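For reference, the structure discussed in these notes is given below.
The values are calculated or read from the model by the stated rules, or taken from the named source; none is laboratory data. Fair warning: this is a prediction, and the values are worked out from it, not measured in the lab. So basically every Cβ, Gly included, is an ideal-geometry build from the backbone, and we count neighbours across all protein chains shown.
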Amino acid sequence: MKFVTRYAGAAALAGLVAMAGVGQAQAADMSISGSSMLFPLEQVWSQAYMKSHPGTHISVASTGSGFGISNAANGNITIGASDAYLTRDLKKRYPSLVSIPVAFEDTQVIYNIPGLAKGTALRIDGPTLARIYMGKIRFWDDKGLRDLNPDATFPHSRIKVIHRADASGTTFVFTDYLAQTSKAWNDEIGRDLSPAWPIGSGYNGSDAVVAAVLATPGAIGYVGLGWINEYHLDSMALKNRDGYFVKGSVDTIRAAGKAALHDPTFPDDFNQSMVWKLHGKDVYPDANFEFWMVSTALPGSTMKEVKKLIIWSLTKGQNEKYTVKTGFAPLPFTPLKSRLNKILNHILPGNTVNIESGG
Amino acid sequence: MAAHEHEQGDSLLAHGDHRPPAVAPLSFLAPDLPDNDEAQGSASDLSSSASESDLKRLRRKSHVQVLRSERIFHLTLRLGGLFILLLFATVLGVSLVEAWPSIEKFGWSFLWTSTWNPHRHIFGAWTYLVGTFWVTGIALVFAIPIAILSALFLSDYAPKWLVGGVSTLMEMLAGIPSIVFGAFGIIFVVPLMRDHVEPYLANTLGHHFDFFAGDSMGYGILSAGLVVGIMVIPLVATVTRDSLVMIPRETVEAAYALGSTKAEMVYFVKLPAVVPGIIGSVILGFGRALGETMAVLLLIGNQASVPSSIQDVGYTISSLLANTFTYAVIDPLFSAAEIELGLILLVISLVVNTLGRELLLKLMGGRLAGSVGGG
């Protein structure tokens, strides 16, 4: 009996080792990890991709953009997902990383103002929003807010500032808008995935932010397009660079994306925020790219698979049944093609890529 | 140790009439001897007719086997003990190494700096320390009286049929995952605080003391503290009840014999006798409240500011780590600062536990030593 169990154990162990060996030998194994914002889209993508590419296995995890960036750089994961572009600091720390935009997202301001009629269109600009988030505007009937919204009647109730507690790409995009439009915000707090919030209360994840805003009379918060659609929330129209007040939607985000890619000064490697910088009547000023980070140090066979996946994601994957349904706007392709080719050539030199059409 | 066992074994063998067991205890731990089957075979012959020399050979073999299995057993135990030591040293060592950039840069001032700005590379623990102690304090202030009263009720006043049920419920309560309490806090405690308790506090005590005023968010140190308190109650109550049950019957009877009423007996005899038990359980509860993460994270409002009112939001060390550690790994100084926070939490609980144990020993030395269980 003793011998039997011992040998059975050894056999099982050997089997496990063999299986692990097989798993390593299979090149079509990829892991994507990082941004929790991009996670829902990656889930539907990986499902669809594995269906149409039998033998490929993709594991997806939501671990936060920071984890995605650092682990893509050190090779623990194949693709790191990030809401933020590679800033100069990050590029210096992780020189092997290349960022590829895979979808569009945005950040929108939501509110719960007691007594305000449902459906009232509210407008706000960057400096006013920054003053609210710095605790300098404390009541909803503040003069700054009333001047921006002459038609709305605000109650004299306290503004309760709500923000994210975890490090989040949504926060990065939101604080980017504040930093670009308000000098005080830029000097004192700046843009970050997890900034030092001067006031307010923090919640873990966008769902919790929505719940807290809905439950707290007088609250103001921010979430991405996916949550606005899912919970049918009202959001404020933000003032863009040309002075227009634009509400976030798939169309206005795409307009921002198109403006960025048509802008000849926009860098080829997309390593720049597109928040606020863009001109146009219907350009939403707080939209951003979602990125995949890939290390150029990946072994050749893995890289081939990664590239196949990226090209699929940028073409078939941009279909609205994946992107819009999970709260993203598809990338516009005409101006993207040549720039993207440069990047893809950078991670796997010698091949040209044909991106025919987008969603 | 092994030599001692050896002597014992020898003396056993010296008595001729003492038959060694046919199969040595713990023989499953012994390595296989090549002639194992033979030994087994001769053991089965033993009952019929075994010569004297066979018996001696068998005894010797069995004795060797016993010794060997003993030794292996001891070695296994020692490895287990060593593993605990190693584990502790590793946790401490790795944390120290990883936290070193922060320790080196900020020194002791880390403790009382209230700025935490990853963007500017300034890190200080003060707001998180204060938040942690606020939540722990509110939890204990809320939990201890309720727990002690319920323990007294269960041990002396509750009818028999109730005791079993309530005690079981209390133990079950202690086993519920904290996230469940956190969810309960969001759907029940937060609305209750926001709509009733906090406005009431602000309108009564709040007029006189800023400590009770505020804007009634629902989320904040009060809700977090109360929910952690709910988690601490079963812990303190069960340990206190166990201490009460262990009070010798004679002591109680002596009190009655001296003419005290039931209430006097409970108040003057039982309660003082379980003070060490209560202190022990409070220390346990303190440890639980200090490290509680998920429920606090859901309820406290996660804002790095020093609360000035019971209605304010705050931040604890453990919820900060849970919220931002995956992001902090991107920056060596940031992650070092967070690990240093974790180290501080570790040191606090070590100090509290040690102090608590010392205190307990001192108190137990004085009265009713040995009759009272503690933490």
Kindly check whether there is at least one residue in the stretch B:291-300 that is more than 22 Å from B:I187 (Cβ to Cβ) and within 11 Å of another protein chain (Cβ to nearest Cβ). no
Hey, A:G200 out of contact with any Pro (no Cβ under 7 Å at 6 or more places or on another chain), modelled with pLDDT under 90 and facing chain B (nearest Cβ under 10 Å) or not: no
Taking the conditions exactly as written (under 20 Å from B:S319 (Cα atoms) and out of contact with any strand residue (DSSP E or B) (no Cβ under 6 Å at 6 or more places or on another chain)), does B:W100 satisfy them or not? no
Residue list for the stretch B:322-337, filter: within 11 Å of chain A (Cβ to nearest Cβ), part of a helix (DSSP H, G or I) and not polar (S, T, N, Q): B:A322, B:F325, B:Y327, B:A328, B:P332, B:F334
Picking from A:L233, A:L214, A:L193, which residue would you name as being more than 22 Å from B:D195 (Cβ to Cβ) and more than 8 Å from chain B (Cβ to nearest Cβ)? A:L233
Could you list all residues from the stretch B:303-321 that are within 11 Å of chain A (Cβ to nearest Cβ) and in contact (Cβ under 8 Å) with a residue 60 or more places away in the chain? B:A304, B:S305, B:D312, B:V313, B:G314, B:Y315, B:L320
With respect to the numbered conditions (1) part of a helix (DSSP H, G or I); (2) among the small types (G, A, S); (3) modelled with pLDDT under 85; (4) within 17 Å of A:M303 (Cβ to Cβ), which one is the sole condition not fulfilled by A:A27? (1)
Please tell me if A:A165 is at pLDDT below 95, closer than 30 Å to B:P199 by Cβ and surrounded by 14 or more Cβ atoms within 10 Å (Cβ to Cβ). yes
The lone exception for B:I138 - which of (1) closer than 30 Å to B:A322 by Cα; (2) in contact (Cβ under 8 Å) with a residue 60 or more places away in the chain; (3) within 14 Å of another protein chain (Cβ to nearest Cβ) it fails: (3)
Residue tally, condition away from every other protein chain (no Cβ under 14 Å) and touching a residue at least 24 places away in the same chain (Cβ under 8 Å), over the stretch A:136-154: 6
What's the number of the only condition in (1) out of contact with any Pro (no Cβ under 7 Å at 6 or more places or on another chain); (2) surrounded by fewer than 23 Cβ atoms within 10 Å (Cβ to Cβ); (3) not in a strand (DSSP E or B) that A:V60 fails to meet? (3)
Pairs, first touching a residue at least 12 places away in the same chain (Cβ under 8 Å) in the stretch B:234-250, second surrounded by fewer than 23 Cβ atoms within 10 Å (Cβ to Cβ) and of a type in the set (D, E), C-beta under 7 Å, six or more apart: B:P234/B:E171; B:T238/B:E171
For the condition within 12 Å of chain B (Cβ to nearest Cβ) and not in a helix (DSSP H, G or I), what is the one hit in A:G80, A:G119, A:G75, A:G115? A:G80
Residues being under 15 Å from A:V294 (Cα atoms) and either free of Cβ contacts under 8 Å to residues at least 60 places away in the same chain or not in a loop (DSSP other than H, G, I, E, B) (or both): count how many of those fall in the stretch A:95-110. 7
